[in-house]
2 protein chains.
Amino acid sequence: MTQPCFMPLGDLMTKLEDGELTSEAIVRSCLDRIAEREPTVGAWDFIDPELALAQARARDGEPRRSPLHGIPVGVKDVLDVVGMPAAWGDQATYGHRRPERDAPVVQRLRELGAVILGKTAVSRFGFWWPGKARNPHDPSRTPGSSSSGSGAAVADFMCPLAIGTQTSGSVMRPAAFCGVVGLMGSHGWITWANSRDYAASFDRVGVYARTMAEARIGYTQLTGRPAPAPDSRRLRIGLYRTHQWPEAKPYVQAHFEASAERLVAAGHVVEEIVLPPIYDLMWDAQPVIGEYESYRSFIWEMEHARDSLVPGLEELLLSGKSISIEGYNQAIDLMRSLRARFADDIRGFDLIMTPGSEGEAPAATGVGSNMFIRQWMMTTGPIIAVPAGTGPNGLPLGVQFIGRPEDDAAHVGRVAVLAEVLQGNTPKGSEPV
Amino acid sequence: MTQPCFMPLGDLMTKLEDGELTSEAIVRSCLDRIAEREPTVGAWDFIDPELALAQARARDGEPRRSPLHGIPVGVKDVLDVVGMPAAWGDQATYGHRRPERDAPVVQRLRELGAVILGKTAVSRFGFWWPGKARNPHDPSRTPGSSSSGSGAAVADFMCPLAIGTQTSGSVMRPAAFCGVVGLMGSHGWITWANSRDYAASFDRVGVYARTMAEARIGYTQLTGRPAPAPDSRRLRIGLYRTHQWPEAKPYVQAHFEASAERLVAAGHVVEEIVLPPIYDLMWDAQPVIGEYESYRSFIWEMEHARDSLVPGLEELLLSGKSISIEGYNQAIDLMRSLRARFADDIRGFDLIMTPGSEGEAPAATGVGSNMFIRQWMMTTGPIIAVPAGTGPNGLPLGVQFIGRPEDDAAHVGRVAVLAEVLQGNTPKGSEPV
């Protein structure tokens, strides 16, 4: 029999429901997988097998609270989990912290009866400096940052779902590089409270799964909203290259065009969309807000733990310090304006399609770029990255779909259909032969 | 010469600028006032004269950073201030906490060179149970909750500006009962991060001042936005009684009508506005969101410090626990819908005018009601309470003005004009004879 860790989420849910599997058996399988693969992948900042198994046994002894009852979920180590350290990827500075309150998404997972498997690895402070996690498809490569461990753990069959967070590109980049789905609803879709903030105007929770069908379950359960039906219409997709297009590797450009052709072949309409010139400003404006707010979030470290800052971070924070409140307000006003007008500016289209990254995952000495990701924080709507085949080195390449602000359920229903088409040749990574 | 604590903010700014006053002299005057009046008013949870004076001397030795440089400001004890306890009105449970990071509004005050005078008293946990603060106009009465100390301190000339917070009615109620201006921009106008959250969908920072002209300075400085010019047009004011109108004391009803007549006499247009029936839902929906989120914010207390919960709070939290996520989502969807349509639904009007409270401040064994306040959290736009005379016992009565979401500057500019009319007979409270 296939080990539970390799089973699709839907199968696990059915087998738990039918009594064919226990949560303990699933968690044990995930822990075995982690024991085997963790030395190579490094996806976890904190894992305590006994704590995970104790949760699983407790869930097995209770009435099922939800379809996710008994399902193990990894949580990025920037979100507070009671009973686990909140180290933000920096054991030396923060390893002693034990939060008193769960982050809201963790509370929700507990209400659903999910098992909090452990804290997934994060690049230190959630910034771009490489952490210990490696890309499970090629351990010499990065899984992307900063939700590095969440992307890698799901891709490597260590858990079926994991929670990540994004301020600029931290959910979408690991999704693209690890070949998994990364799903975020509109800003605020899941409350960000009581955990460490980076830039409150952007900070968002995201969910990882190996397929869009599984991510859709995560969306439905986390939000308590009805399952969005796959949108069965012929969808109108706005293909948007952005002015970073020339920076994409030629094989990414070719892959992106080919992905569009596959969607057309499946009966959808893909047309180049031209956005008004104001959208050209979003790429530069995003870091104005991000750095301004991050500096203010890191004043304690600047004053008391400057040595703990990873290279480049101090410069970023000082850059944030140098931004005037007028410049910041201008960027905030742009964001509000785009949020208000985006639905209308893409009229005639159901969603926007962009490349997920500029290339395959680079060497693990870096974390790759967010050049196709960060600007979409400015429209504040749902973003979903789906795996869509591989590049020249056999590593995953992804496509990103941008929806209208607060139109999350419809967006999920649409991407569910498109992902079916694109996932045809998704690499299976480290799946056992 | 008038003591600095009694001077209008504009005069203090000018005298600091001109070198006629030092920050130290102003802070000393405020501290003298506090020493004299605190036994009666109880407006402070934490004040350390030496800490305040040290800040003032440091500011006096520096180049001026802003018009608020050297001005003392009180900060409600639910917002984190480095160097001061974060006790949330409960010394026994939380008096030991010393936050590592300032709340964003406190960071901003420090950037402006303001002196953080101390932490103002809050009803325990920011809920409605009466705290130690008393109404400076009549110490047998409540100043309202939960920003009790901020409202009372400003009304009693202990500081020219104070920061409060509101989840349901906690800025506007003390403003109405203490006869001061309470100003809040749209939800998110000042980032709420890192401090204790109550209900993240609503939690907002507000600023108190004795006059609208002073509150306008606070708005301008805190946001870094250009000073909104007083709107010199003949304003169209939508008079909205709400279906709580019959609950208002007859003298409030008469006062409200008289306030409207004064605005008409000043050349403005006041007309009854009829809002679509969907607005009837907002009063009941607000606590659904508030209680659902507050329960999740207070799980630690429910499990570890249940005895510390004030009477009624446990019931509120259990009520929040019993709300289904579907019911919560329905209320959230209503809020989003109202936020999106409110500007259009009040077309033809510049703003909405409602009573500020159902009566004068009641006895200090209670804190009064938020029945005219809480529903406006559902439209998410700017809210400003201005003092508008007195009731039968000579205690303040206020009027509340509601603006379009994210139209904060224009709203401030409009209320600046209306407040001039209404403040004609504001009681001067404990001003020296």
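Which condition breaks for residue A:334 when tested against (1) in contact (Cβ under 8 Å) with a residue 24 or more places away in the chain; (2) part of a helix (DSSP H, G or I); (3) open to solvent by 40 Å² or more (accessible area, probe 1.4 Å); (4) more than 30 Å from residue A:131 (Cβ to Cβ)? Every listed condition holds for residue A:334 apart from (3).
What single numbered condition from (1) under 28 Å from residue A:29 (Cβ atoms); (2) open to solvent by 10 Å² or more (accessible area, probe 1.4 Å); (3) modelled with pLDDT under 95; (4) small (Gly, Ala, Ser) fails to hold for residue A:87? Answer for residue A:87: the failing condition is (2). Residue count for region B:371-398 satisfying the condition of being open to solvent by 30 Å² or more (accessible area, probe 1.4 Å) and either part of a strand (DSSP E or B) or touching a Gly at 6+ places or on another chain (Cβ under 7 Å) (or both): 2.
Taking the listed residues B:336, B:341, B:414, the one that is of a type in the set (Lys, Arg) and more than 14 Å from chain A (Cβ to nearest Cβ) is B:414, with no other qualifying. Taken together, the residues in region A:240-249 that are hydrophobic (A, V, I, L, M, F, W, C) and open to solvent by 10 Å² or more (accessible area, probe 1.4 Å) amount to 1. Only a single item in (1) facing chain A (nearest Cβ under 10 Å); (2) touching a residue at least 12 places away in the same chain (Cβ under 8 Å) is not met by residue B:281, and it is number (1). Answer yes or no: is there a residue in region B:207-218 that is closer than 23 Å to residue B:87 by Cα, touching a residue at least 40 places away in the same chain (Cβ under 8 Å) and not in a helix (DSSP H, G or I). Within region B:207-218, one or more residues are closer than 23 Å to residue B:87 by Cα, touching a residue at least 40 places away in the same chain (Cβ under 8 Å) and not in a helix (DSSP H, G or I). Being aliphatic (A, V, I, L, M) and more than 26 Å from residue A:82 (Cα to Cα): is that true of residue B:340 here? So residue B:340 passes the test. The requirement of being in contact with a Pro (Cβ under 9 Å, 6 or more places away or on another chain), at pLDDT 95 or above and hydroxyl-bearing (Ser, Thr, Tyr) is fulfilled nowhere in region A:335-345; no residue meets it.
Across region A:36-52, what is the number of residues that are part of a helix (DSSP H, G or I) and open to solvent by 10 Å² or more (accessible area, probe 1.4 Å)? Counting residues in region A:36-52 that are part of a helix (DSSP H, G or I) and open to solvent by 10 Å² or more (accessible area, probe 1.4 Å) gives 8.
Can you say whether residue B:59 is charged (D, E, K, R) and either within 14 Å of chain A (Cβ to nearest Cβ) or out of contact with any strand residue (DSSP E or B) (no Cβ under 7 Å at 6 or more places or on another chain) (or both), as far as the supplied structure shows? Taking the combined requirement at face value, the residue does not satisfy it.
Filtering B:327, B:356, B:381, B:368 for residues that are at positive phi and not hydrophobic (A, V, I, L, M, F, W, C) leaves a single hit, B:368. Restricting region B:99-129 to residues that are away from every other protein chain (no Cβ under 14 Å) and open to solvent by 40 Å² or more (accessible area, probe 1.4 Å) leaves a set whose member that is modelled with the lowest pLDDT is B:128. A single entry from B:320, B:327 fulfils the requirement of being farther than 21 Å from residue B:205 by Cβ, crowded, with 22+ Cβ neighbours inside 10 Å and within 14 Å of chain A (Cβ to nearest Cβ): B:320. Pairing each residue of region A:159-178 that is open to solvent by 10 Å² or more (accessible area, probe 1.4 Å) with any residue that is among the charged types (D, E, K, R) and not in a loop (DSSP other than H, G, I, E, B), provided the two are 6+ apart or on different chains, yields C-beta distances under 8 Å for A:167/A:204; A:168/A:374. Does residue B:230 count as over 19 Å from residue B:422 (Cβ atoms) and either more than 14 Å from chain A (Cβ to nearest Cβ) or surrounded by fewer than 19 Cβ atoms within 10 Å (Cβ to Cβ) (or both)? So residue B:230 fails the test.
From A:236, A:225, A:216, grab the single residue that is within 14 Å of chain B (Cβ to nearest Cβ), at pLDDT 95 or above, farther than 29 Å from residue A:97 by Cβ and open to solvent by 30 Å² or more (accessible area, probe 1.4 Å).
One residue alone meets the criteria, A:225.
Would you please name the residue that is surrounded by the fewest Cβ atoms within 10 Å (Cβ to Cβ), looking only at residues in region A:345-365 that are in a loop (DSSP other than H, G, I, E, B) and among the polar types (S, T, N, Q)? Result: A:365. Within region A:277-317, restricting attention to residues that are under 24 Å from the mean Cα position of the chain (by Cα) and of a type in the set (Asp, Glu), the residue that is most open to solvent (accessible area, probe 1.4 Å) is A:284.
Among the residues in region A:178-189, are any touching a Pro at 6+ places or on another chain (Cβ under 8 Å), closer than 30 Å to residue A:94 by Cβ and part of a helix (DSSP H, G or I)? So far as region A:178-189 goes, yes, one or more of its residues are touching a Pro at 6+ places or on another chain (Cβ under 8 Å), closer than 30 Å to residue A:94 by Cβ and part of a helix (DSSP H, G or I). The conditions of being within 11 Å of chain A (Cβ to nearest Cβ) and either farther than 11 Å from residue B:161 by Cα or among the aliphatic types (A, V, I, L, M) (or both) are not met by residue B:209.
For region A:67-98, a residue qualifies if it is within 14 Å of another protein chain (Cβ to nearest Cβ) and either among the β-branched types (Val, Ile, Thr) or in a helix (DSSP H, G or I) (or both), and the qualifying residues are A:78, A:81, A:82, A:93, A:94.
Here the condition is being touching a residue at least 40 places away in the same chain (Cβ under 8 Å), more than 24 Å from the chain's Cα centre (by Cα) and either assigned to a loop (DSSP other than H, G, I, E, B) or crowded, with 19+ Cβ neighbours inside 10 Å (or both); of B:64, B:33, it holds for B:64 alone. Taken residue by residue, region A:142-162 has no member that is assigned to a strand (DSSP E or B), touching a Cys at 6+ places or on another chain (Cβ under 8 Å), over 30 Å from residue B:330 (Cα atoms) and away from chain B (no Cβ under 14 Å). Among the residues of region B:191-206, those identified as assigned to a loop (DSSP other than H, G, I, E, B), open to solvent by less than 20 Å² (accessible area, probe 1.4 Å) and either facing another protein chain (nearest Cβ under 9 Å) or not aromatic (Phe, Trp, Tyr) (or both) are B:193, B:195, B:196, B:197, B:199, B:203.
The values are calculated or read from the model by the stated rules, or taken from the named source; none is laboratory data. None of the values given here were measured: they were computed from a predicted structure. Positions of Cβ are backbone-derived with ideal geometry, glycine not excepted, and every protein chain shown enters the neighbour counts. The area values use the complete protein model at the heavy-atom level, side chains included, leaving out ligands, DNA and RNA. Shrake-Rupley method; radii C 1.70, N 1.55, O 1.52, S 1.80 Å.
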